[in-house]
1. Just name the residue that is surrounded by the fewest Cβ atoms within 10 Å (Cβ to Cβ) out of those in segment 161-171 that are in contact with a helix residue (DSSP H, G or I) (Cβ under 8 Å, 6 or more places away or on another chain) and assigned to a helix (DSSP H, G or I).
2. I'd like the residue in segment 215-225 that is at pLDDT below 90 and small (Gly, Ala, Ser) and, out of all such residues, is surrounded by the fewest Cβ atoms within 10 Å (Cβ to Cβ).
3. Identify, from the list 293, 284, 258, the residue that is part of a helix (DSSP H, G or I), out of contact with any helix residue (DSSP H, G or I) (no Cβ under 9 Å at 6 or more places or on another chain) and within 30 Å of residue 352 (Cβ to Cβ).
4. Can you name every residue in segment 175-206 that is of a type in the set (Asp, Glu) and surrounded by fewer than 21 Cβ atoms within 10 Å (Cβ to Cβ)?
5. Among the residues in segment 202-213, are any among the hydrophobic types (A, V, I, L, M, F, W, C), out of contact with any Asp or Glu (no Cβ under 6 Å at 6 or more places or on another chain) and under 20 Å from residue 375 (Cα atoms)?
6. Restricting attention to segment 231-269, report how many residues are in contact (Cβ under 8 Å) with a residue 60 or more places away in the chain, surrounded by fewer than 20 Cβ atoms within 10 Å (Cβ to Cβ) and among the small types (Gly, Ala, Ser).
7. Are any of the residues in segment 275-293 within 23 Å of residue 70 (Cβ to Cβ) and at pLDDT 95 or above?
Amino acid sequence: MTTEHPGVAQVGVVAEAGGVREIFDPRQRGDPYPLYRTLRESARCHWLSPQSPRIGVLTRHADCVGVLQDPAWGHVPMETSAFRPVTDQDEGLRSMLRANPPTHTRLRRLVSRAFTPARIARFRPMAEALSGELLAAAVDRGEVDLVETFTRPLPLRVICSLLGVPARDEEVFSGWASALTRGLDPDQVLDPVERAQRTEATRAFADYFTELIARRRAEPGGDLLSDLIAVQEQGDRLSADELLEICVLLLVAGYDTTVNLVANAVLALARDPGQYTALRADRTLVPAAIEETLRYDPPVQWTGRTALADTDLAGQTFRAGDGIILVAGAAHRDPDAFPHPDQFDLTRYATAVPAARHLGFGHGLHYCLGAPLARLEAETMLTALLDRVTLLEITAEPTYRPHLAVRGVDALQVRLHAR
């Protein structure tokens, strides 16, 4: 699931930005959608930073899709972008998500040769077994934090297995993932400790995988990392730095976002028992429920692009180097694209005439390479829940992690009524 989005250097200092700055306000974390509606209805484009380099904000579905399809928009090196600069103390998070063609084309082609449908399918038995084990323990307890007991452990086990990381290192990986994901937010909403944790996690992850890559070069295993080391096309291979960057990408995009996807699905269903009952009655709707969750409450709330050339967009003229923030969470509630957009509707993506395309896995050139794995995990976990639990009862209001762009529930206290 794509996690490419900016840290905005100008956040909190541009008086002209007005209400648009509130998308970075932690007080909006629990329910940002009323703010998104206000922004979407008031203008096509809002200027977060009207001075050079300028940063605009888009909230309408057609405009966001247009940017993701337009080669005039892409990425530039972080140190020259309108978004967060890389400081001396912060190596930053780099990956092929921030690359343009032909570099992106080359990297994606090589990774795709290793990250195949057959490899992804191997994880279904593991996911099914672990889902059953975790839920059996949760049901026995009756009332649990479903994030801690279910939605977090499974994606962590899968991503570590995918990368060839032993089970004993799973918890340290979870900590690194949290620090790296939080570090994608604007520096201005991070305290010094969080910025230091981002740097420490980046370095620790690089050290760990430098050693693991060396071991896999000497003794290949059956994991994706070994396949990525071995993959080549016409003599071309991934460099050591490229391997590290792809591992960071897989950890952040393949773990945290999947945790949030499943937790958001469970939360929506728990808040609407009728929908949960309907899903239990018709399991063929599970894939549609996953797509609707990605639209209704997407884990990745916004993403960024940079103008690679002078271009017109949303009634504004952008110069090369200007930035744009695409607020997927707002675009997904656009009534011009989705009828009754504030309603969680299990059938929205199950009809003969499909709903408009959501941006939960991105769109266009950077469409998420790991989308099939995220869907497999979510489908397996929701099916296991439906098999064992007749009713989900929320016993406390959910709390949210401090993360803004990759937004997710931190604790979801529920009472599980078993069959």
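The values are calculated or read from the model by the stated rules, or taken from the named source; none is laboratory data. All of these numbers come straight from a predicted model, not from anything done at the bench. Cβ sites come from the backbone with ideal geometry, for glycine too, and all protein chains shown count toward neighbours.
1. 167
2. 222
3. Step by step, each of 293, 284, 258 is checked, and only 284 is part of a helix (DSSP H, G or I), out of contact with any helix residue (DSSP H, G or I) (no Cβ under 9 Å at 6 or more places or on another chain) and within 30 Å of residue 352 (Cβ to Cβ).
4. Within segment 175-206, 187, 191, 194, 200 meet the criteria.
5. Pass one, segment 202-213, residues among the hydrophobic types (A, V, I, L, M, F, W, C): 204-206, 209, 212-213.
Next cut, out of contact with any Asp or Glu (no Cβ under 6 Å at 6 or more places or on another chain) only: 204-206, 209, 212-213.
Among the residues that remain, those that are also under 20 Å from residue 375 (Cα atoms) are: none.
No: zero hits.
6. Count: 1.
7. Looking for residues that are within 23 Å of residue 70 (Cβ to Cβ) and at pLDDT 95 or above, one finds none in segment 275-293, hence no.
Residue by residue, here is whether (1) closer than 17 Å to residue 410 by Cβ; (2) among the acidic types (Asp, Glu); (3) out of contact with any Pro (no Cβ under 6 Å at 6 or more places or on another chain) holds:
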residue	(1), (2), (3)
231	no, no, yes
247	no, no, yes
257	yes, no, no
265	yes, no, yes
269	no, no, yes
273	no, no, yes
281	no, no, yes
284	no, no, yes
